[in-house]
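Here's the structure we're looking at; comments come further down.
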Amino acid sequence: MTLYSTATAASTGHLPPKPSLPKRVIIREVGLRDGLQIIGAVMPTAHKLQWIREAYEAGQREIEVGSFVPARLLPQLADTAELVAFAKTLPGLVTSVLVPNLKGAERAIESGADLMLLPLSASHAHSLANLRKTPDEVVQEIARIRAARDTSGVKIRMEVGISTAFGCTLQGRVEPSEVLRLLQAVLDAGADCVGLADTVGYADPEIVRQLFELALPIAGDRLNCGHFHDTRGMGVANVYAALQTGITRFDACLAGIGGCPHAPGASGNVASEDLAYMFASMGIATGIDFDKLLALRGQVAGWLQGEALHGTLWRAGLPKTMRAAA
């Protein structure tokens, strides 16, 4: 059997058809919440404000700045309201916050944030460990949050992130049918949009493609985010698989920080700078200035001395071909 390689095709002038890819994507920076929540030392608020400002100057237009959880549980995120207030002064910046329950949602509504992210684990075991509720109890809470949002008259969007959608360190396999059932349930409960998350880094590109293709007929354009961890080095590849199904919005953490407390030893989210590089190399716009983003990474690395950082672009830099094309 003769393999038809890209190199052979290029030499003959007959390339196979390329999958249709978007011309622009959004990278939501989640390092200030998903990244810092796993780190013990509390980052000063002044550093966080500088992070938001310089991420904005680097071209990022959606940032998850924190979470409305009790300060005794996550003192690292106790200044979320102050961060939201500052972020709202930056024109065109979409400010996200994570809320675990109705009380947190009420604080998010009061804060003026643009979007609240509601976590729902597809794994029964992970849901109990993380939120002390079953998945269906969380769906009921989402319905109550929708009612509270509507009553308030505030135009804050509700996004549900379905975590452990591709597997769980506590439960093991998570059935796709359960993910799809919960996806329909949260849409019925009033979520404006949803995303699928590989919380513990169990996914591979084929599984990602299959699950997004199964989910899209249910949710349509309300399925608008992919959240991937780089636990086993598959983060960027999994993003590409979701991209091929039409997803154009992805979560990422500067320097690849973060991780799930229920996945000991795991690295964090796919690195923002690595993801931005992949898109730029493919000719897909993100609006991100690499020099400014890498400079910010250097600052964050200084603030987090002694913490494990990840990613590869910061070591190698941009290739000459990309600089020539810039």
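Among the conditions (1) buried (at least 20 other Cβ atoms within 10 Å of the Cβ); (2) aliphatic (A, V, I, L, M); (3) free of Cβ contacts under 8 Å to residues at least 60 places away in the same chain, the only one that LEU98 does not satisfy is (3).
Every listed requirement among (1) surrounded by fewer than 24 Cβ atoms within 10 Å (Cβ to Cβ); (2) in a helix (DSSP H, G or I) is met by TYR202 save one, (2). Within segment 57-74, being surrounded by fewer than 19 Cβ atoms within 10 Å (Cβ to Cβ) and of a type outside the set (A, V, I, L, M, F, W, C) holds for GLU57, GLY59, ARG61, PRO70, ARG72. Of all residues in segment 157-173, those that are buried (at least 23 other Cβ atoms within 10 Å of the Cβ), among the hydrophobic types (A, V, I, L, M, F, W, C) and outside any strand (DSSP E or B) total 2.
Cβ separations smaller than 8 Å between residues 6+ apart or across chains give the following pairs from segment 139-151 residues that are of a type in the set (Gly, Ala, Ser) to residues that are at pLDDT 95 or above: ALA143/ALA189; ALA143/GLY190; ALA147/GLY190; ALA148/LEU102; ALA148/ALA105; ALA148/GLU106; ALA148/ILE109. Taking every residue in segment 212-230 that is over 19 Å from ARG157 (Cβ atoms) and buried (at least 17 other Cβ atoms within 10 Å of the Cβ) and pairing it with any residue that is at pLDDT below 95 and not small (Gly, Ala, Ser), at least 6 positions away or on another chain, the pairs with Cβ-Cβ distances below 6 Å are HIS229/ASN269. The set of residues in segment 205-234 that are modelled with pLDDT under 95 and in a helix (DSSP H, G or I) is empty. All of (1) among the aliphatic types (A, V, I, L, M); (2) more than 30 Å from HIS310 (Cα to Cα); (3) at pLDDT 95 or above hold for ALA85 with one exception: (2). If we scan segment 97-113, do we find a residue that is under 20 Å from ARG146 (Cβ atoms), in a loop (DSSP other than H, G, I, E, B), hydrophobic (A, V, I, L, M, F, W, C) and in contact with a Phe, Trp or Tyr (Cβ under 7 Å, 6 or more places away or on another chain)? Looking for residues that are under 20 Å from ARG146 (Cβ atoms), in a loop (DSSP other than H, G, I, E, B), hydrophobic (A, V, I, L, M, F, W, C) and in contact with a Phe, Trp or Tyr (Cβ under 7 Å, 6 or more places away or on another chain), one finds at least one in segment 97-113, hence yes. For segment 186-208, check the following and say yes or no: at least one residue is touching a residue at least 40 places away in the same chain (Cβ under 8 Å) and polar (S, T, N, Q). Looking through segment 186-208, at least one residue is touching a residue at least 40 places away in the same chain (Cβ under 8 Å) and polar (S, T, N, Q). Right, LEU90: hydrophobic (A, V, I, L, M, F, W, C), in a helix (DSSP H, G or I) and touching a residue at least 12 places away in the same chain (Cβ under 8 Å) or not? Spelling it out, it is not the case that LEU90 is hydrophobic (A, V, I, L, M, F, W, C), in a helix (DSSP H, G or I) and touching a residue at least 12 places away in the same chain (Cβ under 8 Å).
The values are calculated or read from the model by the stated rules, or taken from the named source; none is laboratory data. Just so you know, these numbers come straight off a predicted model, no measurement behind them. With ideal geometry, Cβ positions are generated from the backbone for all residues, glycine too; neighbour counts draw on all protein chains shown.
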